[in-house]
């Protein structure tokens, strides 16, 4: 059932027709959002869209209170107060942002895993490499058996099935997926280095591509590790709240 | 009423509010407040995490739309899965509230016979 009067708050849509608040009012809102961001370290790269949405909300709230306020800055201060204490809002946002961090990590591993794997298969298996080189994929295979399901579980548990899967399971699977991906790359890179030092020639020039792919993914994993640790704390909060 | 008291019901209330036509965060908060007679006057900041959770669960979908001259706003609508969830939540609530009322509001007179 759709009620026309519910489509917009009473008094109409406060945001329509006005581009921006005046600088003092905007400063009040920016200051509040800065306080919020300061309480959510580590989530900055994915916070932009959330921040834009919260800013829009605060602008609407400010404009709605304008008829009862002497100026926009006063209205903004009331809107900010009604939005909630920054510490409380940050605490309630943290699990959701943490889930996004883990999901993004899972999606990246899901996308890069087959690519990195294909590079190594092309370099070591399909290029008629000498026998010692064939051992490398065999050594990495057990990690794939653990890592692949963990990546899928990470993506699934932070997506549509999130309601039925514990947040701590999502964090754990994200950690397993990350560790096994890093271990797989380390095994392949370390093995390649040992074989190159030994009197065994490189299998093909494709090895350089595979090495670059693994190094690139390791760099990404290194960057993601810190965020993952922060996300685990956030998801632990969500688990405790359930 | 505190957000804590709504725990377990907030998702259904948000689905119903979005279904009723409230499209964005501020409107959703205002509709919740006015339609509840001021009882559900939640800090807006607590509504967004729930909206994001519903979106991640595929029950609502958010989309940026242009508003006015230069502003953009994220508007939400129910997905088919969200509509089904709302129907189920309404049925569940109706059954639950009827059962609670029948126990809670009934005046009994206990008589002890020896």
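The values are calculated or read from the model by the stated rules, or taken from the named source; none is laboratory data. Quick caveat: nothing in here was measured; it's all calculated off a predicted structure. Here Cβ is always computed from backbone atoms with ideal geometry, including for glycine, and neighbour counts include all displayed protein chains.
Scanning segment B:58-73 for residues that are in a loop (DSSP other than H, G, I, E, B) and in contact with a helix residue (DSSP H, G or I) (Cβ under 7 Å, 6 or more places away or on another chain) returns B:58, B:59. Looking only at residues of segment A:156-173 that are at pLDDT below 80 and not in a helix (DSSP H, G or I), we find that the one that is nearest to the other protein chains (Cβ to nearest Cβ) is A:164. Only one of the listed residues (A:186, A:140, A:118) is modelled with pLDDT of 80 or more and surrounded by 17 or more Cβ atoms within 10 Å (Cβ to Cβ). That residue is A:140.
Of all residues in segment A:19-34, those satisfying the criterion of being in contact with a helix residue (DSSP H, G or I) (Cβ under 8 Å, 6 or more places away or on another chain), surrounded by fewer than 17 Cβ atoms within 10 Å (Cβ to Cβ) and at pLDDT below 90 are A:20, A:22.
Of all residues in segment B:97-114, one or more are surrounded by fewer than 16 Cβ atoms within 10 Å (Cβ to Cβ), under 17 Å from the mean Cα position of the chain (by Cα) and over 30 Å from residue A:29 (Cβ atoms). State whether one or more residues within segment B:93-110 are modelled with pLDDT of 90 or more and not in a helix (DSSP H, G or I). Checked segment B:93-110: no residue is modelled with pLDDT of 90 or more and not in a helix (DSSP H, G or I). Candidates in segment A:81-122 are the residues that are without any contact (Cβ under 8 Å) to a residue 12 or more places away in the chain, part of a helix (DSSP H, G or I) and under 18 Å from residue B:42 (Cα atoms); of these, the one that is farthest from the other protein chains (Cβ to nearest Cβ) is A:81. Just to be sure, is residue B:43 touching a residue at least 40 places away in the same chain (Cβ under 8 Å) and within 8 Å of chain A (Cβ to nearest Cβ)? Yes, satisfied. Of the residues making up segment A:197-215, those that are under 13 Å from residue A:124 (Cβ atoms) and without any contact (Cβ under 8 Å) to a residue 24 or more places away in the chain are A:202, A:205, A:208, A:211.
Taking the criterion of being more than 14 Å from chain B (Cβ to nearest Cβ) and buried (at least 18 other Cβ atoms within 10 Å of the Cβ), would at least one residue in segment A:43-56 satisfy it? Checking segment A:43-56: not a single residue is more than 14 Å from chain B (Cβ to nearest Cβ) and buried (at least 18 other Cβ atoms within 10 Å of the Cβ). Among the residues of segment B:46-66, those that are surrounded by fewer than 20 Cβ atoms within 10 Å (Cβ to Cβ) and facing another protein chain (nearest Cβ under 7 Å) comprise B:56, B:57, B:58.
Against the criterion of being in a loop (DSSP other than H, G, I, E, B) and without any contact (Cβ under 8 Å) to a residue 60 or more places away in the chain, residue B:55 does not qualify.
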